[in-house]
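Student: Questions regarding the structure given below will be posed in turn.
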There are 2 protein chains.
Amino acid sequence: MDVFLRDCPTRAVLDLIAGKWTMLVLVALEDGRPMRFAELRRRLDGVTSKVLTQTLRALEREGLLTRSVYPTVPPRVEYRLTRMGREVGGLVQSITDWSQANIAAVQAAREEFDGRSQHPSPGSAS
Amino acid sequence: MDVFLRDCPTRAVLDLIAGKWTMLVLVALEDGRPMRFAELRRRLDGVTSKVLTQTLRALEREGLLTRSVYPTVPPRVEYRLTRMGREVGGLVQSITDWSQANIAAVQAAREEFDGRSQHPSPGSAS
DNA sequence: CGGTATCCATCCCGATACTG
DNA sequence: CAGTATCGGGATGGATACCG
């Protein structure tokens, strides 16, 4: 049982989270409140129906969320995290929280790194 | 400052973490012990030199790790997390820990989901 | 409303070979 | 040892159109 091994099943969980929208879905639903499809799509700025569906299906398959269909007209579909999903969601949220708190330092590091990359040689300037 | 917005800079951090090998690098270095290039490559089963280099450069650029070159023969290069890197590394590790603890339940959910997908109709079985 | 179907760009990643 | 160079494939994600 070692995440670092190529075929360790735990890697599948990391691969799932690595999806472009997965973390945002988990955070959006982390408070336990169910959300409808269109509501999620509006919240996740830039996501398309197709990709959102793929993301939700993948999370449902891993047992992290449930999909409830109410056969009304118009149809109503709600998504909510399972207990496992809320656990992972909380952990992911701590990462997004960190990002928001430290984004300035990250951006500063980025600019300094990019600046250094341009120097042909440090002593050549006047 | 909203991660859900398409152009929010905090999204860059999520995109970084979404890299296939990023989380594993962070976990490998999370205890603060520096590691050499070859040591990391051995630890991350399946990674190639090129991709490992890309991953490390990206993390360095965001200010999450430092690269130290000792001009000896043969060359010695050490990577270690910065304070910010250790912070994120700790959060990421909590996710890998969760994966290891819950992988059985995840696999069970996966099999049940895949099973259900095959039923043409639930009542047709003998 | 809540999706699918189809097509397509892209880009990440991997294999291989080579260098200081 | 610690990379870089080059090439290429395959999956992921996006745009558009359409359906129950």
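Student: Being within 12 Å of DNA strand C (Cβ to nearest atom), over 16 Å from the mean Cα position of the chain (by Cα) and not in a loop (DSSP other than H, G, I, E, B) narrows it down to one of A:S68, A:S117, so name that one.
Tutor: Values: A:S117 fails: within 12 Å of DNA strand C (Cβ to nearest atom).
It is A:S68.
Student: Here is a follow-up. Being open to solvent by 40 Å² or more (accessible area, probe 1.4 Å), modelled with pLDDT of 95 or more, touching a strand residue (DSSP E or B) at 6+ places or on another chain (Cβ under 8 Å) and more than 10 Å from DNA strand C (Cβ to nearest atom) is the requirement here; does B:R61 meet it? Talk me through it step by step, then tell me what you get.
Tutor: Working: open to solvent by 40 Å² or more (accessible area, probe 1.4 Å): yes; modelled with pLDDT of 95 or more: yes; touching a strand residue (DSSP E or B) at 6+ places or on another chain (Cβ under 8 Å): no; more than 10 Å from DNA strand C (Cβ to nearest atom): yes.
It is false that B:R61 is open to solvent by 40 Å² or more (accessible area, probe 1.4 Å), modelled with pLDDT of 95 or more, touching a strand residue (DSSP E or B) at 6+ places or on another chain (Cβ under 8 Å) and more than 10 Å from DNA strand C (Cβ to nearest atom).
For every residue, the table says whether it meets (1) at pLDDT below 95; (2) under 17 Å from B:L81 (Cα atoms); (3) not basic (K, R).
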| residue | (1), (2), (3) |
| --- | --- |
| B:L5 | no, no, yes |
| B:R11 | yes, no, no |
| B:V25 | no, yes, yes |
| B:E30 | no, yes, yes |
| B:F37 | no, yes, yes |
| B:R42 | no, no, no |
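Student: Follow-up. Any chance you could count how many residues in segment A:1-48 are under 19 Å from A:Y70 (Cβ atoms) and touching a helix residue (DSSP H, G or I) at 6+ places or on another chain (Cβ under 8 Å)? Spell out the reasoning first.
Tutor: Filtering segment A:1-48 down to residues under 19 Å from A:Y70 (Cβ atoms) leaves A:29, A:32-41.
The next check asks that each one be touching a helix residue (DSSP H, G or I) at 6+ places or on another chain (Cβ under 8 Å); those that pass are A:29, A:32, A:35, A:37, A:40-41.
Final tally of qualifying residues: 6.
Student: Could you look through segment A:62-96, keep only residues that are in contact (Cβ under 8 Å) with a residue 24 or more places away in the chain and at the interface with chain B (Cβ under 9 Å from one of its Cβ atoms), and pick out the one that is farthest from B:V88 (Cα to Cα)?
Tutor: Looking only at segment A:62-96, we keep the residues that are in contact (Cβ under 8 Å) with a residue 24 or more places away in the chain, and these are A:62, A:64-65, A:68, A:76-81, A:85-86, A:88-90, A:92-93, A:95-96.
Now drop any that are not at the interface with chain B (Cβ under 9 Å from one of its Cβ atoms), which leaves A:62, A:64, A:88, A:92, A:95-96.
Values: A:E62: 24, A:L64: 23, A:V88: 15, A:V92: 11, A:I95: 7, A:T96: 10 Å.
The selected residue is A:E62.
Student: Applying the selection to segment B:78-99, what residues are part of a helix (DSSP H, G or I) and open to solvent by 60 Å² or more (accessible area, probe 1.4 Å)?
Tutor: B:R83, B:R86, B:E87, B:D97, listed by residue number.
Student: So which residues in segment B:19-40 are surrounded by 17 or more Cβ atoms within 10 Å (Cβ to Cβ) and within 11 Å of chain A (Cβ to nearest Cβ), if there are any at all?
Tutor: First pass over segment B:19-40, keeping only residues surrounded by 17 or more Cβ atoms within 10 Å (Cβ to Cβ): B:21-30, B:35, B:37, B:40.
Scanning segment B:19-40 gives B:W21, B:T22, B:M23, B:L24, B:V25, B:L26, B:V27, B:A28, B:L40.
The values are calculated or read from the model by the stated rules, or taken from the named source; none is laboratory data. Note that the structure is predicted; figures quoted are calculated from it, not measured. Cβ coordinates were reconstructed from backbone atoms using ideal geometry, including for glycine residues, and neighbour counts include every protein chain displayed. Surface accessibility is based on the protein's heavy atoms, side chains included, excluding ligands, DNA and RNA. Shrake-Rupley method; radii C 1.70, N 1.55, O 1.52, S 1.80 Å.
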